[in-house]
1. Quick one: order 122, 9 by neighbouring beta-carbon count within 10 Å, fewest to most.
2. Which label marks the calculated value of semi-axes √(5λ) of the Cα gyration tensor in Å, given the options [x] 36, 20, 15; [y] 29, 17, 14; [z] 24, 22, 18?
3. Please give the contour-minus-distance gain from residue 34 to residue 78: 0.36 nm per residue of separation, less the Cα-Cα distance, rounded to one decimal in nm.
4. What is the distance, in nm, between label points placed 7 Å from the Cα along the Cα-to-Cβ direction at residue 101 and at residue 122?
5. At a 10 Å Cβ-Cβ cut-off, how would you order 106, 69, fewest neighbours first?
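The numbers here are math on the coordinates, done by the rules we state, and not lab data. Source: prediction; values computed, not measured. Note: ideal-geometry Cβ built from the backbone for every residue, glycine included; neighbour counts use all protein chains shown.
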């Protein structure tokens, strides 16, 4: 996140430890005290899942737009600029950015890379229930209804 080119004073980074077995929260806390960006270390101690961690982050977020990525992602420096820019249009409520895998070493990783397994195009084209993967997603707070669930997540868009 240090490499992001989005104005630092306009972003708060909420990093959530989902009750990991390593001392992640302590590392986050130390980093937040010695960092050039605003980091809020949070914990989700009850449920050890990415869904629960995202919900904990959303509960503490104060911005109009909430952006998501995962701990195993490496966002490019322009990530936030490009993800947030379309929200200048008030009709944009949610945006799913593309996800590309790092070059694979194993046969399985190379196959997944050729098939673009991580690509948002597969999730967005889902025949029954299109969705955006939270590895690269932003949403307006005002339409975020409910919370993430391991079973299903519903976004309600309120029409006039």
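1. The order, fewest Cβ neighbours first, is 9, 122.
2. [z]
3. Here the answer is 13.5 nm.
4. The answer from the label model is 0.8 nm.
5. 106, 69
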